[in-house]
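Down below is the structure, laid out as structure tokens.
The values are calculated or read from the model by the stated rules, or taken from the named source; none is laboratory data. Computed from a predicted structure; not experimentally measured. Positions of Cβ are backbone-derived with ideal geometry, glycine not excepted, and every protein chain shown enters the neighbour counts.
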Amino acid sequence: MRLLFFAGSAREGSHNKKLARLGQRIAEANGIEAVFIDLADYEMPIYHGDLEAEHGPPKRARAFKALLQEYDGVFIATPEYNASVPALLKNTLDWVTRVREKGETGLEVFKSRVFAVSGASPGYYGGMRSLLTLRQILEVGMGAAVIPQQIALPRAAHAFDEDGSLKDEAQQTLLKSVVEALAVAAKRFAA
């Protein structure tokens, strides 16, 4: 069983990258094979139907879909931009759905693994509105199984210790429980 961790932000100092990396470290500390990847390494143009018709899905979309297929569970940490998910994350997910082999709908990669959503924000709500939106995109739009456990980390600019862990012990414990729930669900889903 393998877990993939990434953030919906390409910014180097992203709080969500910190959250996803911490989730990956927690998984590894519990003996789970886990990998963190950066969406900055999967640059894609903004989705455009005419562009797709002329050139097909970009190589990085194909590479990202192939990467998703290697993991049983996926942890996405998303920032909140104007009460929703960032364009980078939505665009990445949209392009992946356009990578289709003969007879596929493009949604198989989402329907065949388990997802966890979490987020961090400098604001008071910890990105909760983006989590609701991301959950809807994954569950309703793509047919994915998303576990109910999540963490919405408020005041993220002050939430992390120098070693990357969370200063608040209750938040650290909550993140650990989300990662563990993802691992359990992914193991069951893959069986």
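Are any residues in region 117-151 surrounded by fewer than 20 Cβ atoms within 10 Å (Cβ to Cβ) and either assigned to a strand (DSSP E or B) or on the phi > 0 side of the Ramachandran plot (or both), and if so, which ones?
GLY143, ALA145
Go through region 66-98 and report how many residues are assigned to a helix (DSSP H, G or I), among the charged types (D, E, K, R) and crowded, with 22+ Cβ neighbours inside 10 Å.
Final tally of qualifying residues: 0.
When PHE189 is evaluated against the numbered criteria (1) of a type outside the set (A, V, I, L, M); (2) modelled with pLDDT of 95 or more; (3) assigned to a helix (DSSP H, G or I); (4) under 30 Å from TRP95 (Cα atoms), which criterion, by number, is the only one it fails?
(2)
Got a number for residues in region 104-116 being assigned to a helix (DSSP H, G or I), surrounded by fewer than 23 Cβ atoms within 10 Å (Cβ to Cβ) and of a type outside the set (D, E, K, R)? Even if it seems obvious, please write down each step before you answer.
Quick first cut of region 104-116, residues assigned to a helix (DSSP H, G or I) only: 108-111.
After this cut, where a residue has to be surrounded by fewer than 23 Cβ atoms within 10 Å (Cβ to Cβ) as well, the list is 108-109, 111.
Applying the additional criterion that residues be of a type outside the set (D, E, K, R) yields 109.
Number satisfying all stated conditions: 1.
Taking region 53-75 only, how many residues are without any contact (Cβ under 8 Å) to a residue 12 or more places away in the chain and farther than 24 Å from ALA183 by Cα?
Looking only at that region, the number is 5.
Is there a residue in region 4-12 that is without any contact (Cβ under 8 Å) to a residue 24 or more places away in the chain, small (Gly, Ala, Ser) and surrounded by fewer than 20 Cβ atoms within 10 Å (Cβ to Cβ)?
Looking for residues that are without any contact (Cβ under 8 Å) to a residue 24 or more places away in the chain, small (Gly, Ala, Ser) and surrounded by fewer than 20 Cβ atoms within 10 Å (Cβ to Cβ), one finds none in region 4-12, hence no.
Is it the case that some residue within region 38-50 is under 13 Å from GLY8 (Cβ atoms), among the aliphatic types (A, V, I, L, M) and not in a loop (DSSP other than H, G, I, E, B)? Working first, answer last.
To start, the set of residues in region 38-50 that are under 13 Å from GLY8 (Cβ atoms) comprises 38-40, 42.
In the following step, the residues that additionally are among the aliphatic types (A, V, I, L, M) were identified as 39-40.
Filter once more, keeping what is not in a loop (DSSP other than H, G, I, E, B): 39-40.
Looking through region 38-50, at least one residue is under 13 Å from GLY8 (Cβ atoms), among the aliphatic types (A, V, I, L, M) and not in a loop (DSSP other than H, G, I, E, B).
Just checking, which of THR173, THR133 is among the β-branched types (Val, Ile, Thr) and within 21 Å of LEU107 (Cα to Cα)?
Every option except THR133 fails the conditions.
Determine the pairs where a residue that is under 16 Å from TYR125 (Cα atoms), located within region 157-177, has a partner that is basic (Lys, Arg) with Cβ atoms under 7 Å apart, the partner being 6 or more residues away or on another chain.
Matching pairs, first to second residue: ALA159/LYS167.
Being under 19 Å from TYR42 (Cβ atoms) and of a type outside the set (A, V, I, L, M, F, W, C) narrows it down to one of TYR125, TYR81, so name that one. First the steps, then the outcome.
Numbers: TYR125 fails: under 19 Å from TYR42 (Cβ atoms).
Just a single option satisfies the conditions, and that option is TYR81.
Checking ARG135 against (1) charged (D, E, K, R); (2) within 21 Å of LEU88 (Cα to Cα); (3) in contact (Cβ under 8 Å) with a residue 24 or more places away in the chain, which test does it fail?
(3)
Looking at GLU101, GLU28, GLU54, can you tell me which residue is in a helix (DSSP H, G or I) and exposed (fewer than 12 other Cβ atoms within 10 Å of the Cβ)?
Working: GLU101 fails: in a helix (DSSP H, G or I); GLU28 fails: exposed (fewer than 12 other Cβ atoms within 10 Å of the Cβ).
Criteria check complete, one pass: GLU54.
Look through GLU139, GLU101 and report the one residue that is of a type in the set (D, E, K, R), over 16 Å from ALA20 (Cα atoms) and at pLDDT 95 or above. Steps first, answer last, please.
On the way: GLU101 fails: at pLDDT 95 or above.
GLU139 is the lone residue from the list that is of a type in the set (D, E, K, R), over 16 Å from ALA20 (Cα atoms) and at pLDDT 95 or above.
Only one of these is part of a strand (DSSP E or B) and either over 20 Å from ILE137 (Cα atoms) or at pLDDT below 95 (or both): ALA63, ALA34. Name it.
The unique qualifying residue is ALA34.
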